[in-house]
Each structure stands twice: as C-alpha cells, then as structure tokens.
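Quick note: the coordinates plus some simple rules give every number you see, no bench work behind them. Just so we're clear, the structure is a prediction, and the values are computed from it rather than from any experiment. When we count neighbours, we look across all protein chains shown, and the Cβ atoms used for this are built from the backbone with ideal geometry, even at glycine.
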Amino acid sequence: MKTLESKFKKLEELNQQAELGGGTDRIEKQHKSGKLTARERINVLIDKGTFVEFDKYVIHRAKDLGADLEKFLGDGVITGYGKIDGRQVYVFAQDFTVFGGSLSRANADKIKKIMELAMKMGCPVVGLNDSGGARIQEGVESLAGYADLFHLNVAASGVIPQISAILGPCAGGAVYSPALTDFIFMVKETSYMFVTGPDVIKAVTHEDVTKEELGGAMAHNSKSGVAHFIGNDDAHTLMMVRELIGFLPSNNMDDPPIKHSADDIHREDSKLDTLVPVDSNKPYDIKEIITTISDDNNFLEVQPHYAKNIVVGFARLGGRSVGYVANQPAYLAGVLDIDSSIKAARFVRFCDAFNIPIVTFVDVPGFLPGTTQEYGGIIKHGAKLLYAFSAASVPKITIITRKAYGGAYDVMSSKHIGADINFAYPTAEIAVMGAEGAINILLRGATADERTKAIEEYNDNFANPYKAAEIGYVDEIIYPRQTRYKIIEALESCKNKRLNMPPRKHGNIPL
Ligand code: HXC
C-alpha cells in the first residue's frame, strides 16, 4: 500500500534525479573543461536562497533516432526566477550535461514560459547559453522552438532587459537568440559563437581558422562587436551580469534603481582643469573624466575592446544611472567611423528604451575619410548614430570638451538634434573643421607666413566655444573641475521631461 512517506520519497528521488542532470560523469567532464554546471551557474548569479525552479520534471517527447531510449528530468535546461540584489529576474540555464544542452521542443517551451512570465511581470531575463544547438533527434520541432524564442526576443525587445551569457558553444542559427538580446557576455577560452564552424569554412572558403579565432570571446569582443563583455571564467562573468543588472530598470515603464552613495554631489576635482590639453593634437583619456566625475569613480564600460574611438557605458551620478557616450581622443583621435557609430547608436537606443539619461562627451575631429569607410557605408552607419540621438527622448546632456567639428558636431547630441542641456569647456573648439584644414581650403596659394597668420586668426575666432554660446547653441561654459555637479544639476532639471511626438507605427532607422 502507498503511504504518505512513500509519496514524499518519490518526490525527493525525482528532485535528486533532476538535480543530477546528465549524471556525475558528464558533470565531471563539464568541470574538467573549465565550466560550471547550469545549477552552479544559477547559484552564482542569483541571490542565495531565492531561486524558484519551474518545470523540473519536464521530459522530451521525441521518438526518432533512439531518442525515446534516453530521458532526463528537466530535459537540458533549468528555468525559473530569483533575485539579483533583491530584484526579481527570470533565468534559463542550458545544461550541457543533458544532450549537450541542445534545444528540444519541450526545452524551448520551458524557456518560452519564463520569457512570457518575465514580460508579464516586467522583469529582466538572463539566458545562460551552453548548447550544441538544435536537438538533432527532434528535427523541425527544434527549429520551430528556436523560432518561437526569436519571436519572443523581438516582442520583449525594449520592454524588459534581455541579457545573454555565452558560457559554452553557441552555433548555427542558435546564435540569433542572443543576438536579439540587449547584451552578450562571453567567457575567455570556454565560449564561442559562430553561424558556421571551422570545418564548414574550410570546405567552402578553404580558410584555416580555429574555433577560438573564429568565434571566441575576444574575437567577438574586439573584432565583430557581437559581444559586449568578456569574463575570465564562468563565475567572473556571472558577477559582471549582476553588476550590469544593477544599473538597469526592471522594465521600460520603470526607472533604474537609485543607489545612494557617500560621494558628495558637489565634489570638484581640480585635476580636470588641466586634463584636456590646449594643443588640440594632443591625446588624453576621456575615461579619466568619466571615472573622476561618476559616483565612487565607478564606471561599467560596455564593449571596451571594440571601436575604442568611442567609449560607452554605465555609471551613476547622484545615485541615478546614466549612460555615457564619449569620443575617445586617446584612440584614433576620437574619430567617428563605421564601427564606433554602430556601437554608440545601439547603446543610445538601449538607454532610451530603458529610461536611462544619456551624457555625451564630445571631442571629435569628424568622420573618418577613405574609400574603406565610404564603400563600407559610413553614410548609413553614421546616420544610425544621428538617428539614435535625435530620436532618444530621455534627458540628454552634452559636454564639449574640445573638438566639435563638422557633421560630427551635429551628430554628437548637439542642441539641434534635441539635447536638453549643452555645456562646453573653455577648451572647446566648435567649427566646420580644424584650422589647418580650413586655411588649406580658403587660402590655397598662400605663402607660409600668410598661412601661419591665418591659422592664428582662425583659432582666435573659431576654435573656441564662444561663437556657439553667443547664439545659444551652448547653454553654459563650465569649469572642468565642476563637471560632476553641473551634470547632476542638469539631470535633476530634466527629471520630468516629456516629449510629444506624432503617432507612427515606427520610424525607419537606416539599418
Ligand atoms: C543532440 C547533442 C547535440 C545536438 C551535442 N549533443 N550536440 N545531442 N543534439 N545538437 C550531445 C552529444 O551527443 C553528447 O551526448 C553530448 O551532447 C556532448 O557532446 P560532445 O560532442 O561529446 O561534446 P563536445 O566534444 O564538447 O562537443 C560539443 C559540440 C558538439 C561542439 C557542441 O557536440 C557538436 O558539434 N554538436 C553538434 C552541433 C550542431 O551541429 N548542432 C546543430 C547546429 S544547427 P552524450 O550522450 O555522449 O553525452 C542549429 C540550428 C539552429 O543549431 C537553428 C535555429 C534557427
């Protein structure tokens, strides 16, 4: 006869079985390859004791290719919700020890369920990817599962933050779900993403390339721009995910969480007064300004290894999250090119979707000239950044530290495309182009002396912020040491910003 005790025992056994995933041997293999298991990853990511698991007993329904001979509780993905710093998030973690974490119909349905719940409850979704891709035994059912997730990724875009950590293989069409999310984290040496792997590439293009070179963490963080963050190992990467979530609101109707610090909002730093060299050909590191002025000097840079001529990332000012976009004079003189335009445009779109004010630092000599850029479509890619800044309705504060030349002046969150408050340092130079270039065009046949004199005159008359300030294109010229408070004050003044735009289905960003 069945007793209550035996019923409870059965539940306990099933739980133990589910928690073992693909079994001890495969768990050992996972550890040996330098990776944590799906459950261990969730333990690192989620606040202790807050994870609630769904669908622990789900099994696949496949019959072909001997699939019915082997079933594992949970079917290769662990799903549920929990808290990060006390705030609710939904999470799925592919379990590589079960059919290589491959996606079955049942497995896709589990992920679908938590994504739908996350949208309904207005919480971020974090996906921990470690998978051999479509479950081969399930054929088109698996492909349909992927497509369902892509569809949901798009529906959730701009509604809840979606974050992907790639913690193992992620190949074929499977890469497109992370690609549709807002941020991608990868791990050094144990993660890779590609549409077609090295063997197919060898057969088709005869190129020899390793998995790591083709789709490793550094390839996507520095070359393709597909990934945004790189961690040293699973645990480090998951801690970075936690840090990022701390800057973000739970959904597009919420404001980002306020995190008060002891850092005085009035804090001045005289080092800033001399940081920007008067000689406009001399580089300096824009990140020094950013870290100096931010709360507790804390700055989470996004895509630090890609298109380094523009710096983007999150910090707090007076406890509130801001997104920085800044030309980097220390790299390619901070020029705007295809990669930096795309990088910054996507970041601006994210901030705008999630109510994060944008603070823009401008020191830009213009757009990068050359056939590579023109044939590569700098016109349409530069237009992305212009579009993104123009369309952003969150508070926008701009500080011109030095060069603001040509079209790049307009593009970099100028007053004309909707910035709310525009500051300039006394070192700012707002002009159509630099003095040398201008005099070369205006005085083609001039002698060396005439040129020197004309350059001096141009510098006096145009290479300063006062022409723009005279006509109200710059609201205030500030002492660099006061940057922190000036921005905090400006953001405070924009707190209740409202913009009314005519209704439309959606705009047509130059993709
Ligand atoms: C079913 C799979 C699987 C898959 C791996 N496994 N991939 N089972 N479907 N796609 C199983 C293996 O049979 C094995 O089972 C276990 O997972 C671990 O795999 P190994 O090969 O032993 O591991 P490893 O040597 O680390 O190699 C990992 C791997 C390799 C590189 C991911 O398994 C691999 O190449 N898998 C196939 C990848 C692939 O081509 N997927 C389809 C891509 S197309 P046992 O029982 O031995 O533990 C795609 C389309 C998506 O995904 C389309 C979306 C639109």
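Just flag the trypsin sites (Lys or Arg not before Pro) in the range 407-492 sitting in loop per DSSP whose Cβ has no more than 10 other Cβ atoms within 10 Å. It would help to have the intermediate numbers written out before the result.
Values: sites: Lys415, Arg444, Arg451, Lys453, Lys467, Arg481, Arg484, Lys486; in loops: Arg444.
In loop regions of the range 407-492 (DSSP not H, G, I, E or B), the sparsely surrounded trypsin sites (Lys or Arg not before Pro) are Arg444.
Using the alpha-carbon centroid of each, what span in Å lies between the range 1-56 and the range 74-130?
15 Å
Just check the range 406-511 against the gyration tensor rule for me: Cα atoms, a ≥ b ≥ c as the square roots of the eigenvalues, rounded for a/c under 1.5, and otherwise prolate or oblate depending on whether a/b exceeds b/c. List each step's numbers first, then the result.
Details: a/c = 3.69, a/b = 1.66, b/c = 2.22.
It is oblate, given that a/c is not under 1.5 and a/b is not larger than b/c.
Counting other beta carbons within 10 Å of each Cβ, put Thr360, Thr3, Thr401 in order, fewest first. Display every interim value, and only then the final one.
On the way: Thr360 23, Thr3 8, Thr401 27.
Arranged by neighbour count, lowest to highest, Thr360, Thr3, Thr401 become Thr3, Thr360, Thr401.
Rounded if a/c is under 1.5, else prolate if a/b beats b/c, else oblate: with a ≥ b ≥ c from the C-alpha gyration tensor eigenvalues square-rooted, which is the range 246-335?
oblate
Say R0 is 51 Å: what FRET efficiency, to the nearest 0.05, do His31 and Leu4 get from their beta-carbon distance?
Working: r = 38 Å, r/R0 = 0.74.
About 0.85, to the nearest 0.05.
Which order do Leu368, Leu442 fall in if you start with the one that has the fewest other Cβ atoms within 10 Å?
Working: Leu368 21, Leu442 11.
Least crowded to most crowded, the residues run Leu442, Leu368.
Arrange the following residues from fewest to most other Cβ atoms within 10 Å of their Cβ: Val359, Val159, Val175.
Numbers: Val359 26, Val159 15, Val175 22.
With the fewest neighbours first, Val359, Val159, Val175 line up as Val159, Val175, Val359.
Quote the charge dipole size of the chain about the Cα centre in Debye, to the nearest 20; the model charges only the Cβ of Lys and Arg (+1) and of Asp and Glu (-1). Let's see the in-between values first.
On the way: 57 positive and 64 negative charges, 265 e Å.
Rounded to the nearest 20 debye, it is 1280 debye.
Please say if the range 339-452 is rounded, prolate or oblate, where rounded means a/c under 1.5 for a ≥ b ≥ c the square roots of the C-alpha gyration tensor eigenvalues, and otherwise the choice is prolate for a/b larger than b/c and oblate otherwise? Working shown, then result.
On the way: a/c = 3.36, a/b = 1.63, b/c = 2.06.
Oblate shape, in that a/c is at least 1.5 and b/c is the bigger or equal ratio.
Taking every DSSP beta bridge that has both residues in the chain, what percent is antiparallel when rounded to the nearest 5? Don't skip to the answer; put the middle values down first.
Details: 24 of 64 bridges.
Of all bridge pairs located within the chain, approximately 40 percent are antiparallel.
Report the FRET efficiency, 1/(1 + (r/R0)^6), for Glu207 and Ile258, where r is their Cβ-Cβ distance and R0 is 56 Å, rounded to 0.05.
Working: r = 50 Å, r/R0 = 0.90.
According to the calculation, E is roughly 0.65.
How big is the antiparallel share of DSSP beta bridges in the range 150-297, given as a percent to the nearest 5? Let's see the in-between values first.
Working: 1 of 11 bridges.
Percent antiparallel among DSSP bridges in the range 150-297 is about 10.
Distance check, please: which entries in Lys343/Lys403; Lys32/Lys83; Lys112/Lys497; Lys282/Lys453; Lys83/Lys271 exceed 31 angstrom between their Cα atoms?
Values: Lys343/Lys403 21 Å; Lys32/Lys83 29 Å; Lys112/Lys497 36 Å; Lys282/Lys453 22 Å; Lys83/Lys271 40 Å.
As for pairs spanning more than 31 Å Cα to Cα, those are Lys112/Lys497; Lys83/Lys271.
What 222 nm value per residue comes from the helices of the chain, counting each DSSP H run with n ≥ 4 as -39,500 (n - 2.57) and dividing by all residues, nearest 500 deg cm²/dmol? Can you show the working numbers first?
Values: 18 runs with 188 residues, N = 511.
About -11000 deg cm²/dmol.
Please list, in chain and number order, the residues 5+ apart from Val325 or on another chain whose amide H is under 5 Å from its amide H, with Hs placed from the backbone.
Result for Val325 returns Val359, Thr360, Phe361.
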